[in-house]
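Here is the structure we will look at.
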Amino acid sequence: MEKHDSLWITAPYYLIIDLEATCSDNGPVPRQEMEIIEIGAVLLDSRTFNEAAEFQTFVKPVRHPRLTSFCTALTSIRQDQVEEAPGFVEALAALEAWRAPYGDSLFCSWGFYDRGQFEQDCEYHQVAYPFGDEHLNLKEAFSEMTNQKRRFGIGGALRNLGLYFEGTPHRGIDDVRNIVRIIRQVCQGG
């Protein structure tokens with residue numbers, strides 16, 4: 001990692017998160033009313049790039065409790081999965097309890113969407129945003145580390161490295177696992 005210190009803030013672990021949220025293609029779920037319906041997370045050791053732990057939970061939406069057909073088609077998340085899930089406050093508490101034994105970690109995501117969605121849901125549910133001020137945008141870091149001006153999506157970054165997406169796109173846990181593969185390839189050369 002030494003050659004990339006300017007791009008990476010030193011922390012014992014990288015908390016890599018990918019979220020899925022309620023959405024629509026024709027307006028019934030406005031951007032400012034989208035809610036998290038899945039949290040996928042991996043704690044990655046910043047020295048070895050080994051996975052320390054993995055977390056996944058669905059989250060029950062309350063503003064638009066019925067998933068749109070567009071959302072289900074995009075994410076493959078079913079209505080019964082979110083109906084049986086904990087609410088946001090409980091899901092966030094579970095995420096915090098999962099990461100607590102590892103101490104300090106830097107919140108990372110592919111772009112700024114995930115941070116903004118967490119901030120929006122925390123504000124709506126009147127709970128404190130738990131990740132602090134530091135955030136690493138892995139999409140930007142990937143472009144800088146590979147000397148490219150283009151900002152790639154997860155699939156594009158994988159293809160750029162000669163890799164293929166593993167799992168189901170737009171599923172939080174599968175997206176985050178693929179982000180880990182990208183980080184390892186770029187930072188360790190494999």
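Here are the numbers for this structure:
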read-out: Mean accessible surface per residue for region 1-153, computed with a 1.4 Å probe while every protein chain stays in place, in Å²; value: 48 Å²
read-out: Whole-Hz couplings from phi, Karplus 6.51/-1.76/1.60, listed for region 41-57; x for Gly and Pro; value: 8, 9, 9, 10, 5, 6, 8, 9, 6, 8, 6, 8, 6, 9, 9, 8, 8
read-out: Volume per residue of the C-alpha convex hull in region 12-110, rounded to whole Å³; value: 105 Å³
read-out: In order through region 112-124: 3J(HN,Hα) via Karplus (6.51 cos²θ - 1.76 cosθ + 1.60), integer Hz, x for Gly, Pro; value: 9, 3, 4, 4, x, 5, 4, 4, 4, 5, 4, 4, 4
read-out: Accessible surface of region 1-138, 1.4 Å probe, proportion on carbon and sulfur as whole %; value: 50 percent
read-out: Extension gain (nm, one decimal) between Arg159 and Gln188, 0.36 nm per residue minus Cα-Cα; value: 8.7 nm
read-out: Two-site FRET efficiency, Thr168 against Thr10, from Cβ-Cβ distance with R₀ of 22 Å, rounded to 0.05; value: 0.10
read-out: Along principal axes, Cα extents of region 116-190, largest first, whole Å; value: 43, 27, 21
read-out: Bins of 10 Å, starting at 0 and running to the largest distance - Cα pair percent for the chain; value: 9, 37, 36, 16, 2
read-out: Other-chain or far-sequence residues with amide H under 5 Å of Ala21's (modelled H); value: Ile37
read-out: By accessible area with a 1.4 Å probe, ligands and nucleic acids excluded, highest first: order of Thr68, Thr10; value: Thr10, Thr68
read-out: Label-point separation, Glu54 to Asp133 (7 Å along Cα→Cβ), nm; value: 3.5 nm
read-out: Sequence-separation-based contact order of region 50-190, relative, with Cα cut under 8 Å and 6+ spacing, percent; value: 21 percent
read-out: Projected label distance in nm at Gln79 and His125, using a 7 Å step from Cα toward the beta-carbon; value: 2.3 nm
read-out: Förster radius 22 Å - calculated FRET efficiency between Phe112 and Arg150, Cβ distance, rounded to 0.05; value: 0.85
read-out: Exposure of Arg78 as accessible area (Å², to 10), given a probe of 1.4 Å and all protein chains; value: 120 Å²
read-out: Of all DSSP beta bridges in region 13-137, antiparallel share, percent nearest 5; value: 70 percent
read-out: Spin-label pair Asn26/Asp45, simplified geometry with 7 Å Cα→Cβ offset, distance in nm; value: 5.1 nm
read-out: Cα-centre dipole for region 13-137 with unit charges at Cβ (Lys and Arg positive, Asp and Glu negative), debye to 20; value: 160 debye
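The values are calculated or read from the model by the stated rules, or taken from the named source; none is laboratory data. Please read all numbers here as calculations on a predicted model, not as lab measurements. FYI the Cβ positions are ideal-geometry reconstructions off the backbone, even for glycines, and counts take in every protein chain you see. When the accessible area is computed, the model is the full protein with side chains, heavy atoms only, and any ligands, DNA or RNA have been set aside. Shrake-Rupley method; radii C 1.70, N 1.55, O 1.52, S 1.80 Å.
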